[in-house]
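Asks: Quick one: this structure, given as structure tokens, is what I'll be asking you about.
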Ligand SMILES: Cc1ncc(COP(=O)(O)O)c(C=O)c1O
């Protein structure tokens, strides 16, 4: 059952007029807004509906015919479908056939029913609800209204036409783009000068660039015993080894880090200080200061991956603010807004900017202007604020739900995090992940995130991944049942 106390989020299913009543004065948003929210009944263009010849049931052929009309633009996004009675008349079928056809279209995500208002054409087809719940993808649902997203896309399309030199203008992105993203960073996590910023293809590229830059300084990277799989992939690609460091509920233990750097000669540290992925904790200021002291003692650099910064409850300072010359700070719009834009930001130590720009040029000649403009337009229209509030709220609700259903006594970030880590011996974790998958729930097994130490046993649950909260609840109940089921598996 959905949580009845849940706040009403501005979501893709809300009519735009309800979700963003104030949107529009900027001009572009209003244009799209009016277009999308138009609820005029269908015009006369579809006075007769011809069903395709096929052996399939009548309602499926009717669904096919309506889908074709949506595709060719006769039924437009935001418009209301004619009533079932009218559709039945136009197609020459019974009303029950229309009801079934609309169900098919709704399952395919092409239309949505709104209580008391009718059936509306979706601007973006929503995927069918899967029978399997996938908790392995650390991707947040799009918690901004579809109309706002489309308004930003339109605005960015107009802007991108004005990017100088056909887009191949500045490796770092245009000054206007960097100014918007520096403003967003300043409001959220870090005061940075637009000139310091490198704009990348997601945080992933920023990680790869940082690791590649550090390779001249260190042959390995220190981090907790489990870390982000994309960082593991980047290190493997660069032939960099990992040095796992023992951790507690606040990340790497300073003494252990000191010992590891001393014994191995490692001079690079990868830190995800908020909602560490997958372990889920946040590092407080005192621990950060200790880690920096040790980095300084060994002349080591820190790659600070602050991609989950919006979930911070301990606030600032970031590592970057404490030691600007020693930290490659990176983040992106993926976790706090949407990964659809794929906009990442890297703020390297000042003296590494020029070599990093050369590396960026060699790799991709800068992030795509279309992506950068979309990210900037979303920020300009305030989508980042709406999304961050909604995501924090949703993460809080789902974290509480997980805590209740799984009977968790303590959580590293009880106020809400996008993923949860259930620690257990690695063998048990692998078994739980396998059994969950057999029961329709996919979990991240420990081998996907481990950097080779025994204490990395556990499974990760990306609790924001399912778009529907009741899918999450169902999945959690399955995991709880499997956790409680201590009986040996029957081998057949
Ligand atoms: C800790 C961490 N860093 C970076 C990324 C990659 O982010 P992006 O989509 O911006 O490349 C992820 C994605 O899951 C992540 O969890």
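Asks: Mind checking the alpha-carbon convex hull of segment 210-265 and giving the volume per residue in Å³?
Replies: Dividing the Cα hull volume of segment 210-265 by its residue count gives 78 Å³.
Asks: May I ask what percent, to the nearest 5, of DSSP beta bridges between residues of segment 146-382 are antiparallel?
Replies: Restricted to segment 146-382, the bridges split so that about 40 percent are antiparallel.
Asks: Would you calculate a helix-derived [θ] at 222 nm for the chain, using -39,500 (n - 2.57) for each DSSP H run of n ≥ 4 and dividing by the full residue count, to the nearest 500?
Replies: So the calculated ellipticity at 222 nm is -13000 deg cm²/dmol.
Asks: As I understand it, the value is the acute angle between the Cα axis of helix 146-160 and the longest principal axis of the Cα atoms of the chain; what does it come to in degrees, rounded to 10?
Replies: 70
Asks: Let me ask something additional. Any chance you could tell me what percent of the C-alpha pair distances in segment 123-274 go past 25 Å?
Replies: Of all Cα-Cα distances in segment 123-274, 53 percent exceed 25 Å.
Asks: In segment 75-90, whose amide N lies under 19 Å from the spot 7 Å out along Cα-to-Cβ of residue 117? List them in ranges.
Replies: Backbone N within reach: 75-84.
Asks: Something else: How large is Rg over Rh for the chain, taking Rg from the Cα atoms and Rh as the Kirkwood inverse mean of 1/r across Cα pairs?
Replies: A ratio of 1.02.
Asks: Can you say what percent of the DSSP beta bridges in the chain, counting only those with both residues inside, are antiparallel? Round to 5.
Replies: 60
Asks: Length gain on complete extension for the stretch residue 293 to residue 94, per 0.36 nm per residue less the alpha carbon to alpha carbon distance?
Replies: 64.1 nm
Asks: Rounded to whole Å, give me the distance from the Cα center of segment 280-329 to that of segment 163-203.
Replies: Measuring centre to centre over Cα atoms gives 22 Å.
Asks: Starting from 0.36 nm per residue, how many nanometres of slack lie between residue 255 and residue 314 once their C-alpha separation is accounted for?
Replies: 19.0 nm
Asks: Under the 0.36 nm per residue contour assumption, what length would be gained going from the current alpha-carbon distance of residue 241 and residue 108 to full extension?
Replies: Taking 0.36 nm per residue and subtracting the Cα distance, the gain is 43.3 nm.
Asks: Right, here's the next one. In nanometres, what is the gap between the two model label sites at residue 427 and residue 286, each 7 Å from Cα along Cα-to-Cβ?
Replies: 3.9
Asks: Segment 384-490: D in µm²/s via Stokes-Einstein (Kirkwood Rh, Cα pairs, 37 °C, 0.692 mPa s)?
Replies: Using the Kirkwood radius from Cα pairs, D works out to 227 µm²/s.
Asks: Can you pull the one-decimal nm distance between simple spin-label points at residue 415 and residue 195, each 7 Å off the Cα toward Cβ?
Replies: It works out to 3.5 nm between the two label points.
Asks: Let me ask something else about it. What relative contact order, as a whole-number percentage, does segment 58-121 give when Cα pairs under 8 Å and 6 or more residues apart are counted?
Replies: Relative CO of segment 58-121 lands at 41 percent.
Asks: Round to the nearest 0.05 the FRET efficiency obtained for residue 85 and residue 131 when R0 = 30 Å and r is the Cβ-Cβ distance.
Replies: Computed FRET efficiency for residue 85 and residue 131: 0.35.
Asks: Right, next: Computed from the mean reciprocal separation of all distinct C-alpha pairs, what Kirkwood hydrodynamic radius does segment 58-121 have, in Å?
Replies: Value: 11.5 Å, from the Cα pair sum.
Where a number appears in this text, it was derived from the coordinates with a stated rule and is not lab data. In this text the structure is predicted, and so the values were computed from the model without any measurement. Reconstructed Cβ throughout: ideal geometry from the backbone, glycine too, with neighbour counts over all protein chains shown.
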